[in-house]
Every structure is written in structure tokens, then in C-alpha cells.
1. Arrange the residues R73, R32, R24, R45 by how much accessible surface each exposes, largest first, with a 1.4 angstrom probe.
2. Solvent-accessible area of D51, probe 1.4 Å, all protein chains present, reported in Å² to the nearest ten, please.
3. How many nm separate the modelled label positions at H76 and E60, each set 7 Å beyond the Cα in the direction of the Cβ?
4. For the pair R32 and R67, what calculated FRET efficiency results from E = 1/(1 + (r/R0)^6), where r is the Cβ-Cβ distance and R0 = 25 Å, to the nearest 0.05?
5. Helix 55-67: angle to the longest alpha-carbon principal axis of the chain, degrees 0 to 90, nearest 10?
6. Expressed as an acute angle from 0 to 90° and rounded to the nearest 10, what is the orientation of the C-alpha long axis of helix 20-31 relative to the principal long axis of the chain?
7. Take the alpha carbon atoms of the chain, find their radius of gyration, then divide it by 2.2 N^0.38 Å using N residues; give the quotient.
8. Kindly report the accessible area of the chain per residue (heavy atoms of protein chains, probe 1.4 Å, no ligands, DNA or RNA), in Å².
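The values are calculated or read from the model by the stated rules, or taken from the named source; none is laboratory data. The structure displayed is predicted, hence computed values, not measured ones. Here Cβ is always computed from backbone atoms with ideal geometry, including for glycine, and neighbour counts include all displayed protein chains. Areas reflect the complete protein model, heavy atoms only, side chains present, ligands, DNA and RNA absent. Shrake-Rupley method; radii C 1.70, N 1.55, O 1.52, S 1.80 Å.
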Amino acid sequence: MAENRYCVVFEGALLEDGPEREARQLLSALFRRGPDEVRQLLDGRAHVVADAVTREKAEEYLALLRRAGIASRVVHADEA
């Protein structure tokens, strides 16, 4: 039986109270992306930032992103 896989979806925005500078720095470090690429992630559109990972790993990513004030969610891989 295959293990369920999940995706972490970044909503392209910060949570209402999220500090933008720190969030951009975290995104840059987490995903090893430069400032221009991070700016593109903050375009208001949804982006899959972790694809086909275990539920446990998806929840780890989600916790990191939310702690940094980044709007995100976990969805089943079939829904992404």
C-alpha cells in the first residue's frame, strides 16, 4: 500500500501580522532562493513549495512557514 503524500502550498502572501523582512529572509534560506525569486513567491498566487512529502514533513514545513508569518497550507498531493 502506497503512503499518502502531501504538498505544502504557499499562498503568495504573508499572514496579517507577519514581518515582511524576516519572512523574506526565511523563504530565501528555506528554499535556497535569491531575493528576486523570493519576491516572485510573494505575488499573491499560490505556489507549491514542497511536493509529494509525508504528512509529518509537510507539517514541519507548515510550522516553519507559519512561525515566520507566511500564509500556507497542507493539501493532499492529488489536490495540488
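1. On the way: R73 95, R32 210, R24 70, R45 155 Å².
Ranked from most to least accessible, the order is R32, R45, R73, R24.
2. 110
3. Roughly 2.4 nm, to one decimal.
4. After rounding to 0.05, the efficiency reads 0.85.
5. Tilt of helix 55-67: around 20 degrees.
6. Relative to the chain, helix 20-31 is tipped by roughly 40 degrees.
7. Cα Rg divided by the expected 2.2 N^0.38 Å: 1.07.
8. Numbers: 5300 Å² over 80 residues.
I get 66 Å² per residue for the chain.
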